[in-house]
1. Under DSSP H, which helices of the chain have Cα atoms covering 15 Å or more of the helix axis and a Kyte-Doolittle average no less than -1.0?
2. Could you pull out every one of the aspartates and glutamates with an alpha carbon less than 16 Å from that of Lys8, ignoring same-chain neighbours closer than 8 positions?
3. Can you list the lysines whose alpha carbon sits under 22 Å from that of Lys10, skipping same-chain ones fewer than 8 residues off?
4. Rg/Rh for region 29-73 to two decimals, with Rh computed the Kirkwood way over all alpha-carbon pairs.
5. Got a sec? Which residues in region 35-66 would a label at Lys10 touch, if it sits 7 Å along Cα→Cβ and we count backbone N under 13 Å?
6. For Ser66 and Met26, calculate 0.36 nm times their separation in residues minus their Cα-Cα distance, and state this gained length in nm to one decimal.
7. Could you compute Rg(Cα) / (2.2 N^0.38 Å) for region 1-53, with N its residue count?
Amino acid sequence: MDMVLSKKEKTAIIISNAITLYSLRMQDEKISEYQSVIDFVLKNMPEEFRTDLSMELIDDVFTFISEQHLKVS
């Protein structure tokens, strides 16, 4: 049985990847300290997934990543 991700799930994965990339680039000082994670996610979101993008979804993904990071540390 094949499992197919919904468009919203794919959007959440893209957000997660963008947040991770943002964190890595901030550590390496490759992006401005004045660029917010929200701006970074918005700038790097593929057009076909923007319809499912919302501030609430970005916040939910960011919160989930933060909480999981604390559990793993």
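1. 7-27, 55-72
2. Glu47, Glu48, Asp52, Glu56, Asp59, Asp60
3. By straight Cα distance, Lys10 reaches Lys43.
4. 1.04
5. Residues 46-53 qualify, since their backbone N sits under 13 Å from the label point.
6. So the extension gain works out to 12.8 nm.
7. Compared with the compact-globule rule of thumb, region 1-53 sits at 1.31.
FYI, it's all coordinate maths here, none of it is from the lab. What you are looking at is a predicted structure, and each value in this text was computed from that prediction instead of being measured. A quick note on method: Cβ atoms are made from the backbone with ideal geometry, for glycine too, and the neighbour counts reach across all protein chains shown.
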